[in-house]
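The values are calculated or read from the model by the stated rules, or taken from the named source; none is laboratory data. What you see is a predicted model, and the numbers here were worked out from it, not measured in a lab. Glycine gets a Cβ as well: all are built from the backbone with ideal geometry, and neighbour counts include every protein chain shown. Just so you know, the surface numbers come from the protein's heavy atoms only, side chains and all, with ligands and any DNA or RNA stripped out. Shrake-Rupley method; radii C 1.70, N 1.55, O 1.52, S 1.80 Å.
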Amino acid sequence: MGAHFDPAFLVPWVRAELAAEASLFEALCARAEDDGLTEEEAELDVAGQLAERRGLFDALERAAGELWLSEVREARGATEKIERSAGAACVAWLRATPGAAMRLEHLARTLSGEPGRTVAELTGLGGSPGCSTR
């Protein structure tokens, strides 16, 4: 796992991706709390472990393509984006919902296709989503 994942993104995203297995997430959190972690620490620990084991981290890193995903943060509002910071390094702002890797792949492809651009945005409010660069 090379990228840093914002806890505000990680926990809700893993919960959403594994919604059918909510009881597993809850049971692992309860066990971690029994081991002395706070509720927030337990959720973050379990989300990280499950994301690692289920290949969710790998899926996001592969989705970034030739860009180096240095950080993933929770998107605020209706716009998801990826921003090139230095060279091939980038930061992604994604909604913590299923399909984040697919949307990241779309953003990364768009940004990689326009080398002079630093930001690709995917807007999903009202109507069909569109991807633009700047």
Tell me the per residue accessible area of the chain using a 1.4 Å probe; a whole number in Å² is fine.
53 Å²
Assigned charges on the beta-carbon of Lys, Arg, Asp, Glu; region 1-118 dipole about Cα centre (debye):
760 debye
Length-normalised contact order of the chain, Cα under 8 Å, at least 6 apart, in percent, tallies to 25 percent
Which values of log₁₀ I(q)/I(0), to two decimal places, follow from the Debye formula for the chain at q = 0.16 Å⁻¹ with a uniform point scatterer at every Cα?
-0.78
Go ahead and collect, in residue order, the members of region 45-81 whose backbone nitrogen is under 20 Å from a label point 7 Å along the Cα-Cβ direction of Met102.
51, 54-65, 75, 78-81
Relative to the present Cα-Cα distance, how much length would full extension add between Arg53 and His4 at 0.36 nm per residue of separation?
16.0 nm
Candidates Arg73, Arg117, Arg84: whichever shows maximal mean-square fluctuation once the chain is modelled as a Gaussian network with Cα springs under 10 Å
Arg117
Order the following by accessible area, largest value first: Arg53, Arg76, Arg15. Probe radius 1.4 Å; ligands, DNA and RNA are ignored.
Arg76, Arg53, Arg15
Mean ellipticity per residue at 222 nm, deg cm²/dmol - from DSSP H runs of n ≥ 4 across the chain, formula -39500 (n - 2.57)
-14000 deg cm²/dmol
